[in-house]
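Peer 1: Next up is a structure, given as structure tokens.
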Amino acid sequence: MRDTFDLAVVGSGIVGLGAAYAAVQRGLRVVVIDRTAEPVGSTVRNFGHLCFTPQSGDALRYGRASREIWMRLARDAGFWLRESGTHVVARHRDELALLEAAGERLDGGFGDGPSLRLLDAAQVTAAVPVDRRQVAGGALLPYDLQTDPRSAAPAIIRHLVSLGVEFRMRTSVGRVTTGTVETSRGTVFADTVVVAVNHDVDQLLPDLAEQHAVVRCSLDMLRVGIPLARPLASPLLTGWSLIRYSAFATLPEAGAVRERLHTERPELAAIDLNQMYTQLPDGSVIVGDSHHKAVTPSPFQSEATADLLLHETSVLFGAQARVLERWQGVYASAPEEFLVAEPQPGVLALAATTGIGMTTGLGLAETVLSERFGALHSTKGA
Ligand SMILES: Cc1cc2nc3c(=O)[nH]c(=O)nc-3n(C[C@H](O)[C@H](O)[C@H](O)COP(=O)(O)OP(=O)(O)OC[C@H]3O[C@@H](n4cnc5c(N)ncnc54)[C@H](O)[C@@H]3O)c2cc1C
């Protein structure tokens, strides 16, 4: 008997899971294939910060779709997700000016209220446990969400299994062509194949990866114990984040922030810092992160980078952090924010090619599959 499906998904990260979810909801017979026994890619190595508000263009469009899917999946699959918003701490008047400008221009369309609420220094220190001497002011982005990446993906997989999706783990894919997926456990036949293998797209579809200039971005991450005065009620961004996320970074006011930070702190600019934090349900705090782009990044993590991350953390919170875990994360990086391509008929390659796949990946997959198989209300699965 032929091993036949309507849709085969290669990769069980958030993009692949989003594709499987979109397809099974449309009544399709779906298989997900991954070479690892359980998700260990970017989808479990990140902050769990679902930062919809600071996006623009396609990222904002996919983010809006993702937000709704994250809320539904958390309810139906039963994993931890909080409507925390994001706090931004501004430590300089140029960061405040950038937040003020963003407040006038941001319209994420997430709800009735504003997408950004400016906060004075007292409001920031009341909301997040940072050292008050560090704070000039800040903002709340109320529509952002936070999840625990380590428990969300396994819960989504269990939910998809309950909906009828088949998972073939510890099964490596060596070749994908129209209608066939050649795996280490035999050939799978499928009308449509979604390739959602993140940075390893250069191994499965090398020509496509080269056309889109996809490389790897590696990040050094820490999970720490830190005696905070009170819990961190939401993800926390800093000025370093404002010069990274497109809705802030493309504003004219971002230039002054970038120039000052890079002039004052060349050692932090050299590791391409995004100083940000999320607290997990067990109280530990994820600290990040550095960025290094290469086709094959070095696997050796410099302790100097960890020292910088820890020093900046203790200054911001006025408390000493103790390292509980260290890891390297890797994501696909390219000049465009997304890779959406059909290199062969019926083979769809999908990737977030900046570090915002948790925020956008579910919406990216839903959008692309909706274009292929129709909107949910008009399909047999609805
Ligand atoms: C350290 C770090 C922090 C981040 N923080 C955030 C954040 O806070 N918010 C946010 O929005 N985004 C964040 N990101 C980005 C986000 O995590 C990624 O964009 C997203 O998880 C990518 O999902 P994915 O499904 O494409 O990839 P992955 O989760 O990496 O999944 C790809 C899967 O494909 C499988 N695979 C690859 N090749 C094959 C093959 N040949 N055969 C079979 N299986 C294969 C792999 O085993 C893997 O399971 C962060 C990323 C990192 C690394």
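Peer 1: Which three lengths, in whole Å and largest first, does the range 276-382 cover when its Cα atoms are put on their principal axes?
Peer 2: Principal axes ranked by extent give 55, 33, 19 Å for the Cα atoms.
Peer 1: Mind checking the dipole of the chain: about its Cα centre, +1 per Lys or Arg Cβ, -1 per Asp or Glu Cβ, Debye to the nearest 20?
Peer 2: Here the size comes out at about 840 debye.
Peer 1: Apply the Kirkwood formula to the range 115-218: the hydrodynamic radius equals the inverse of the mean of 1/r over all pairs of different alpha-carbon atoms; give it in Å with one decimal.
Peer 2: 18.6 Å
Peer 1: Report the label-to-label distance for Glu371 and Arg82 in nanometres (one decimal), using points 7 Å from each Cα along the Cα→Cβ vector.
Peer 2: According to this spin-label approximation, the distance is 3.7 nm.
Peer 1: Right, here's the next one. Out of Met169, Met358, Met276, any idea which swings most in a Gaussian network model of the chain, alpha carbons joined below 10 Å?
Peer 2: Result for the chain, Cα springs under 10 Å: Met169 fluctuates most.
Peer 1: With a ≥ b ≥ c the root eigenvalues of the C-alpha gyration tensor of the chain, is it rounded (a/c under 1.5), prolate (a/b larger than b/c) or oblate?
Peer 2: Prolate, since a/c reaches 1.5 and a/b exceeds b/c.
Peer 1: Let me ask something additional. Tell me, what is the per residue accessible area of the range 232-366 in Å², probe radius 1.4 Å?
Peer 2: Normalised by residue count, the accessible surface of the range 232-366 is 38 Å².
Peer 1: Return the inverse of the average 1/r over all pairs of distinct C-alpha atoms in the range 220-260, which is the Kirkwood hydrodynamic radius, in Å to one decimal.
Peer 2: Averaging 1/r across every pair of different Cα atoms and inverting gives 12.5 Å.
Peer 1: Here is a further query. Could you give the length gained on full extension between Leu163 and Lys293, defined as 0.36 nm per residue of separation minus the Cα-Cα distance, in nm?
Peer 2: Taking Leu163 through Lys293 to full extension adds about 43.0 nm, to one decimal.
Peer 1: Same structure, new question: Can you work out the accessible area per residue across the range 78-161, with the rest of the protein chains kept in place, probe 1.4 Å, in square angstrom?
Peer 2: Here the per-residue accessible area is 43 Å².
Peer 1: Once you have the Kirkwood Rh of the range 1-111 from its Cα pairs, apply Stokes-Einstein at 20 °C and 1.002 mPa s and quote D in µm²/s.
Peer 2: Taking Rh from Cα pairs, D becomes 127 µm²/s.
Peer 1: Here is a further query. Tell me, in nm to one decimal, what length is gained between Glu259 and Glu182 on full extension, where the rule is 0.36 nm per residue of separation less the Cα-Cα distance?
Peer 2: Separation in residues times 0.36 nm, less the Cα-Cα distance, equals 22.7 nm.
Peer 1: Suppose only helical runs count, i.e. DSSP H with n ≥ 4. What mean residue ellipticity at 222 nm does that imply for the chain under -39500 (n - 2.57) per run, divided by all residues and rounded to the nearest 500 deg cm²/dmol?
Peer 2: -10000 deg cm²/dmol, from helical runs alone.
Peer 1: How much length, in nm to one decimal, is gained on full extension between Arg75 and Ala229, taken as 0.36 nm per residue of separation minus their Cα-Cα distance?
Peer 2: That works out to 52.4 nm of additional length.
Peer 1: With the full set of protein chains in place, find how many percent of the accessible area of the chain is carbon and sulfur; take the probe as 1.4 Å.
Peer 2: 50 percent
Peer 1: Could you tell me which of rounded, prolate or oblate describes the range 164-227, using a ≥ b ≥ c as the square roots of the eigenvalues of the alpha-carbon gyration tensor, with rounded for a/c under 1.5 and, failing that, prolate when a/b is larger than b/c and oblate otherwise?
Peer 2: oblate
The values are calculated or read from the model by the stated rules, or taken from the named source; none is laboratory data. As the structure is a computational prediction, the values presented were derived from the model and not from experiment. As a convention, Cβ positions derive from the backbone with ideal geometry for all residues, glycine included, and neighbour counts pool all protein chains shown. Heads up: the accessible areas ignore ligands, DNA and RNA and are worked out on the full protein's heavy atoms, side chains in. Shrake-Rupley method; radii C 1.70, N 1.55, O 1.52, S 1.80 Å.
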